[in-house]
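First the structure, which I've put down as C-alpha cells, then a few questions once you've had a look.
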Amino acid sequence: MGFQQHGNRELGLSAIALGSKNEYKRMHSELPEGDDDVLQQEARRNSTRKYVIACATFASLNNVLLGYDVGVMSGAVIFIKEDLKISEVKEEFLVGILSVISLLGSLGGGRTSDIIGRKWTMAIAAVIFQMGSLIMTLAPSFSMLMVGRFLAGVGIGFGGLIAPIYIAEISPNTSRGFLTTFPEIFINLGILLGYVSNYAFSGFSAHINWRIMLAVGILPSVFIGFALFIIPESPRWLVMQNRIEEARSVLLKTNESDSEVEERLAEIQQAAGLANGENYEEKPVWYELMFPSPSLRRMMITGIGIQCFQQISGIDATVYYSPEIFKAAGIEDNSKLLAATVAVGVTKTVFILVAIVLIDKKGRRPLLFVSTIGMTICLFGIGVSLSLFSQGSFVIALAIVLVCGNVAFFSVGLGPVCWVLTSEIFPLRVRAQASSLGAVGNRVCSGLVAMSFLSVSRAITVGGAFFVFAAISSLAIVFVYVLVPETKGKSLEQIEHMFKNEHERQGSEMELGDVEVQQLVQDKTILTD
C-alpha cells in the first residue's frame, strides 16, 4: 500500500531506477546531483510515512477501550450475574446501556472538537473513560456499576467519533482509506484482548475475576497521555481557526512534497472559506443539518445509513452474546465458552488486515459488497444450524465456523469502511457534527440490538433472531448498491464536489475531471441550442 501522491509518479519511477542501477553506490560520493535529490525525496517519503502511521496509531488508542469493553463484558457479565445476583433484564441493560450512553459522547464530541480541537477531545475521552473504569472496578453494587458504565460510555462516545475524523484530516489521499481503518483495527484488538482477559482471569472467584477484567481496561488510556505529545492538531481544524502557518507545518510533515503541501493548503483554505460563511449566509451548523441542501442530504443519508446498517445487521449480538450462541449450540462449560469466544476475537482481528491491504487498492464499494453478501450467508447459516439441527458436536463446530465467518466478513468491509466513509464524505464546516449524528445512529442501533437480543431470542429462539439479522444484512447489500459512492483516491474536497454534482451517480468510478468535462459538454450544447 502506498503513500504515493498524485503528480509524483515520475518521482516514483526515478526512485525505482535508482535502486536498480546504483545499488552499491555511496550516497554522497559517486551519485550525480539529480540522484541525490531523488534520495532526499525518498528519505522524506519514508519520514512522512512513519510520521502519519504514528499519528494514526496514537489517535486510535481510544478505540482499544471501546473494543476491550465490548469483548470483556461478554464474559464478565457471567460472573457479575453470579456475584451481584442480577436478573436477565438487568444483564441486558448493563450490556446495552454503554452503546446508548455513548451517543451522548458522540453528540457532544462533534461540537467539542470544533471548539477545542480534535486532539484535546481525544484527551477528554481518555480521562472520562478512566474514571468510569475505576468506578466499575470498585463497584460494590449494581447501581454503582451503572454509574461507572455511564461515564465509560460517554468517554467511548467522544473517542470513537473523533479518531476517524482526525485521521482522515491528516492523511494523504492515496493512503487515507488504509489509515482510517486504524480505529477499527484497534477496536478488534481491544475485543480480542477482552476475550483473552475473560479466559485468563475466569479461574478466580466470581467476586474478584470480573473486577480484574474491567480494571485491565484502564491501561490503554494511560498511553493516550503520552500520545498527546506526539500527534499534531488536524491541519483542517487549524485552518478553520485561521492558524494557517501551523496548518502548513503539519502538512509539511504529512505530505511528500512542498508543491503538494501548497496544493492541499489551498484546497483546505477554499473549503474553510466556504465553511466560515462565505456561501452559507452565516447559517449555524445545526440549522444546515436540520434543513440540509440536496447534496448534504445525500451525504447524511449515506453516512448515517451505513452507520446504522453496521449495527442492525447484528454484529454486537454476535460479539457480546457469543457465549449465548455457543451455549445454544451445546457448549455448557464456562471455560469452554470463553475459549470459543477467543477464536471469534482472533478471527475478527486477523481479517481486518485484509481490509487494510485492499481498501486503497480495490476501493470502498467492492469491500462493502463482499462484506454484506458474506455476512448475509453466515447469519442465515447460523439461523439454520441452531433451528434445524439438534445440539451436538456437529452443531457446535458449525456454529463456531459460521460465527467466525460472520465477524470475518464484517472486518473485511462493513466494520472499517463504515467509519472511513463517514469521515470522508461530509464538508469541512459540518464534518465533526454530521459525523457525530452518524455515530449516534450507530450507537443507538448498537444499544437496541444489545439490549434486546436476549429477550428476542427467548421469544423467537436464537436461530430466529439470526434469520432477522440475515434479512437486515440483505437490505444492506441494496443500500450499498444504490447509495454508497466510491471515494478511493479523491481528496476530501473532491468528494464534497462529487456529492454536489447532481449528475454524479452513486457508485460511479468517474474522476472529478471527467465530471467537469461532462458539465462543459452540456453547457456547450445549451449554448448551441
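Is there a residue being in contact (Cβ under 8 Å) with a residue 12 or more places away in the chain, in contact with a Phe, Trp or Tyr (Cβ under 8 Å, 6 or more places away or on another chain), surrounded by fewer than 21 Cβ atoms within 10 Å (Cβ to Cβ) and not small (Gly, Ala, Ser) anywhere in the stretch 236-253?
There is at least one residue in the stretch 236-253 that is in contact (Cβ under 8 Å) with a residue 12 or more places away in the chain, in contact with a Phe, Trp or Tyr (Cβ under 8 Å, 6 or more places away or on another chain), surrounded by fewer than 21 Cβ atoms within 10 Å (Cβ to Cβ) and not small (Gly, Ala, Ser).
Could you pull out the residue among 434, 450, 459 that is modelled with pLDDT of 85 or more and outside the structural domain of residue 158 (by the TED database)?
So the residue among 434, 450, 459 that is modelled with pLDDT of 85 or more and outside the structural domain of residue 158 (by the TED database) is 459.
Inspect the stretch 337-347 for any residue being farther than 26 Å from residue 69 by Cα and either part of a helix (DSSP H, G or I) or of a type in the set (Lys, Arg) (or both) and give the result as yes or no. Steps first, answer last, please.
Restricting attention to the stretch 337-347, the residues satisfying the condition of being farther than 26 Å from residue 69 by Cα are none.
So far as the stretch 337-347 goes, no, none of its residues is farther than 26 Å from residue 69 by Cα and either part of a helix (DSSP H, G or I) or of a type in the set (Lys, Arg) (or both).
I need the helices (runs of 4 or more DSSP H) fully contained in the stretch 384-497, keeping only those with at least 1 residues that are open to solvent by 40 Å² or more (accessible area, probe 1.4 Å).
Helices (runs of 4 or more DSSP H) meeting the threshold: 393-412, 431-483.
When you scan the stretch 36-50, do you find a residue that is modelled with pLDDT under 50 and either more than 30 Å from residue 443 (Cβ to Cβ) or surrounded by 22 or more Cβ atoms within 10 Å (Cβ to Cβ) (or both), even just one?
No: zero hits.
Restricting attention to the stretch 323-337, does a residue exist that is surrounded by fewer than 17 Cβ atoms within 10 Å (Cβ to Cβ) and modelled with pLDDT of 90 or more?
no
Just wondering, is there one or more residues in the stretch 197-220 that are crowded, with 24+ Cβ neighbours inside 10 Å, farther than 17 Å from residue 74 by Cβ and not hydroxyl-bearing (Ser, Thr, Tyr)?
Checking the stretch 197-220: not a single residue is crowded, with 24+ Cβ neighbours inside 10 Å, farther than 17 Å from residue 74 by Cβ and not hydroxyl-bearing (Ser, Thr, Tyr).
Let me ask you something else. Let me spell it out: the conditions are (1) open to solvent by less than 10 Å² (accessible area, probe 1.4 Å); (2) in contact with a helix residue (DSSP H, G or I) (Cβ under 7 Å, 6 or more places away or on another chain), and residue 144 meets all of them except one. Which number is the exception?
Checking residue 144 against (1) open to solvent by less than 10 Å² (accessible area, probe 1.4 Å); (2) in contact with a helix residue (DSSP H, G or I) (Cβ under 7 Å, 6 or more places away or on another chain), the one that fails is (1).
I would also like to ask the following. Of the residues 93, 129, 79, which is surrounded by 22 or more Cβ atoms within 10 Å (Cβ to Cβ) and either over 18 Å from residue 187 (Cβ atoms) or basic (Lys, Arg) (or both)?
79
Further, regarding this structure: What residue, among those in the stretch 153-193 that are more than 22 Å from residue 320 (Cβ to Cβ) and among the aliphatic types (A, V, I, L, M), is surrounded by the most Cβ atoms within 10 Å (Cβ to Cβ)?
Taking the candidates together, the pick is 162.
Does residue 101 fit the bill of being aliphatic (A, V, I, L, M), outside the structural domain of residue 339 (by the TED database), on the phi < 0 side of the Ramachandran plot and open to solvent by 30 Å² or more (accessible area, probe 1.4 Å)? Walk me through how you get there before you give the answer.
Numbers: aliphatic (A, V, I, L, M): yes; outside the structural domain of residue 339 (by the TED database): yes; on the phi < 0 side of the Ramachandran plot: yes; open to solvent by 30 Å² or more (accessible area, probe 1.4 Å): no.
No: the conditions fail for residue 101.
Of the numbered conditions (1) touching a helix residue (DSSP H, G or I) at 6+ places or on another chain (Cβ under 7 Å); (2) modelled with pLDDT under 85, residue 301 satisfies every one except a single condition; which is it?
The one condition residue 301 does not meet is (2).
Next question. Is it the case that residue 111 is of a type in the set (D, E, K, R), modelled with pLDDT under 85 and surrounded by fewer than 23 Cβ atoms within 10 Å (Cβ to Cβ)?
Details: of a type in the set (D, E, K, R): yes; modelled with pLDDT under 85: yes; surrounded by fewer than 23 Cβ atoms within 10 Å (Cβ to Cβ): yes.
Yes, satisfied.
The values are calculated or read from the model by the stated rules, or taken from the named source; none is laboratory data. Predicted model only: the values in this text are computed from it and were never measured. Counting neighbours? That spans all protein chains shown, and the Cβs are built from the backbone with ideal geometry, glycine included. All accessible areas refer to the heavy atoms of the entire protein, side chains included, with ligands and DNA or RNA removed. Shrake-Rupley method; radii C 1.70, N 1.55, O 1.52, S 1.80 Å.
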